[in-house]
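The structure appears below as structure tokens.
The values are calculated or read from the model by the stated rules, or taken from the named source; none is laboratory data. This structure is a prediction, so every number in the text was calculated from the model and none was measured. Cβ: placed from backbone, ideal geometry, glycine included. Neighbour counts: every protein chain shown. Accessible surface areas use protein heavy atoms only, side chains included; no ligands, DNA or RNA. Shrake-Rupley method; radii C 1.70, N 1.55, O 1.52, S 1.80 Å.
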Amino acid sequence: MTESTGFGCAACCAEDAVVARAHHQSHTGVRVEQMIQDDSHFIVSVQRCGLCSQAFVNVFTEYVDWVASRDAQYRTVLPITDAEAEELKTGRLSPHRAGALGHGRRHLQSDWPSEAGEPSVYWDSGVFEVREGR
Ligand SMILES: [Zn+2]
């Protein structure tokens, strides 16, 4: 049995990454359940889909770019089990280790380098690195 299937609904885990991202950005789509870390350049929260109650960990990282007019922003949204959500919320699982949960699972990636006009949004898979911005 793999973990790559069975997460979310047609809205929060839409095959089209842009459609999924729109649902995650909507106030009625995916709501913040609990902030895990809330620094200006590193924001981690546990969120939940308003339609199917799927839990997600949302990792936002910003890198201040003193040259470009806009800072580089990166966001990773990974579906997680209720047990994993609980571990994150109670601090038993560090947000810095959340990327390891991505093993064998899809995550919604949004990359917005400071020089780009708009973010590139895509589904990625595998373990990802969680780094604090600056
Ligand atoms: Zn959903």
For ARG134 and VAL18, extending 7 Å from Cα along the Cα-Cβ vector and measuring point to point gives, in nm, a value of 3.5
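Roughly speaking, to the nearest percent, how much of the stretch 28-125's 1.4 Å accessible area is carbon and sulfur? Present the calculation step by step, with values, prior to reporting the outcome.
Numbers: 2390 of 4860 Å².
In the stretch 28-125, the share of accessible area belonging to carbon and sulfur is 49 percent.
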Across ARG92, ARG31, ARG106, the residue with the highest GNM fluctuation in the chain (Cα network, 10 Å cutoff) is ARG92
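Nothing charged except the Cβ atoms of Lys and Arg (+1) and of Asp and Glu (-1): what's the magnitude of the dipole of the chain about its Cα centre? Round to the nearest 20 debye. Show your work: numbers first, answer last.
Working: 12 positive and 19 negative charges, 49 e Å.
The calculation lands at about 240 debye.
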Note: SER40 to LYS89 extended length (0.36 nm per residue) minus current alpha-carbon separation gives 15.7 nm
Normalised Cα Rg of the chain, dividing by 2.2 N^0.38 Å with N its residue count, works out at 1.01
For the chain, the per residue accessible area (1.4 Å probe, Å²) is 55
Farthest towards the positive end of the dipole of the stretch 28-125, among ALA68, HIS103, SER120 and with Cβ unit charges of +1 on Lys and Arg and -1 on Asp and Glu, lies the Cα of HIS103
When the chain is treated as a Gaussian network with springs between alpha carbons less than 10 Å apart, the largest mean-square fluctuation among HIS41, HIS27, HIS103 is found at HIS27
